[in-house]
Amino acid sequence: MISDAKPASLPPLPEELKKRLIPLRMMIFDCDGVLTDGKVIYTDAGSEIKEFDVQDGHGIKMLQRAGLEVALISGRACEAVAHRAKDLGITRLYQGFKVKTEPYKQLLLDAGLTENQTGFMGDDLIDIPIMRRAGFSVAVPNGVAHIFPYAHYITRARGGHGAAREVCELILQAQGLWEKAMERYLI
């Protein structure tokens, strides 16, 4: 039996958080430790295996359908990340950058955005420079504690286990796009 009940609404967001989320036009994610759990698995042939959460991917697709851009900036380079980005339709992919502010500045220029129109989600010390600049900075609870003071929000979910989805839903909610995003599922 299919229920006609309305879906549960999301809890209200604090006003300070909403002020940071409303201007966002691009959400930038680190990969290892954010879109994955941070583990690196090598095959005997030397290639890497990464495990991605499909719900995180679906949240990214929801953001894109709502008109927000998504980018990835990773300190490491891996073909598996390029494949995942392609699968999600992410064209702004920067890998192998030990100084992440370089691609971040380029992203701002290329997209014509200001820092307060960008969000960034990270988990380690290399992410602090962007976290200090972005309008909305997110840390995952499995990240190193040194980044927490630079985060405007720390997810409940761990990196690689729904943290990105949590952030995507927060953005959609704050921008008043949640109900519209849900329409396609309530047909």
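A few notes on this one:
- Condition check for residue 48 on (1) modelled with pLDDT of 95 or more; (2) closer than 16 Å to residue 96 by Cβ: one failure, at (1).
- Of all the numbered requirements in (1) in contact with a Phe, Trp or Tyr (Cβ under 9 Å, 6 or more places away or on another chain); (2) in contact (Cβ under 8 Å) with a residue 60 or more places away in the chain; (3) under 18 Å from residue 63 (Cα atoms); (4) of a type outside the set (Lys, Arg), residue 175 misses one, and that requirement is (1).
- Residue in segment 114-124 that is surrounded by 14 or more Cβ atoms within 10 Å (Cβ to Cβ) and farther than 14 Å from residue 27 by Cα present: yes
- Complete set of residues in segment 95-129 that are of a type in the set (Val, Ile, Thr) and farther than 21 Å from residue 37 by Cβ: 99, 101, 114, 118
- Highlighted here are the helices (runs of 4 or more DSSP H) found entirely within segment 92-187 that include at least 1 residues which are more than 19 Å from residue 75 (Cα to Cα): 101-111, 163-174, 178-183.
- Number of positions in segment 62-111 that are out of contact with any strand residue (DSSP E or B) (no Cβ under 9 Å at 6 or more places or on another chain) and not polar (S, T, N, Q): 10
- Failed criterion for residue 92 (all others in (1) of a type in the set (D, E, K, R); (2) in contact with a Phe, Trp or Tyr (Cβ under 7 Å, 6 or more places away or on another chain); (3) buried (at least 17 other Cβ atoms within 10 Å of the Cβ); (4) more than 21 Å from residue 162 (Cα to Cα) hold): (2)
- Looking only at segment 34-77, and only at residues there that are among the polar types (S, T, N, Q) and part of a loop (DSSP other than H, G, I, E, B), the one that is nearest to the chain's Cα centre (by Cα): 36
Yes/no matrix, rows are residues, columns are (1) without any contact (Cβ under 8 Å) to a residue 60 or more places away in the chain; (2) loosely packed, with under 14 Cβ neighbours inside 10 Å; (3) in contact with a Leu (Cβ under 8 Å, 6 or more places away or on another chain):
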position	(1), (2), (3)
40	yes, yes, no
60	no, no, yes
66	no, no, yes
69	yes, no, no
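- Against the conditions (1) in contact (Cβ under 8 Å) with a residue 60 or more places away in the chain; (2) out of contact with any Phe, Trp or Tyr (no Cβ under 6 Å at 6 or more places or on another chain); (3) surrounded by 14 or more Cβ atoms within 10 Å (Cβ to Cβ), residue 20 satisfies every one except (2).
- Segment 93-138, residues that are among the charged types (D, E, K, R) and without any contact (Cβ under 8 Å) to a residue 24 or more places away in the chain: 102, 105, 110, 115, 132
- The lone exception for residue 13 - which of (1) assigned to a loop (DSSP other than H, G, I, E, B); (2) buried (at least 20 other Cβ atoms within 10 Å of the Cβ) it fails: (2)
- Residues in segment 137-154 that are farther than 13 Å from residue 37 by Cβ, of a type in the set (Val, Ile, Thr) and crowded, with 17+ Cβ neighbours inside 10 Å: 2 in all.
The values are calculated or read from the model by the stated rules, or taken from the named source; none is laboratory data. The model shown is predicted, which means the values in this text are computed figures rather than measured ones. No Cβ is skipped: glycine too gets one built from the backbone with ideal geometry, and neighbour counts run over all protein chains shown.
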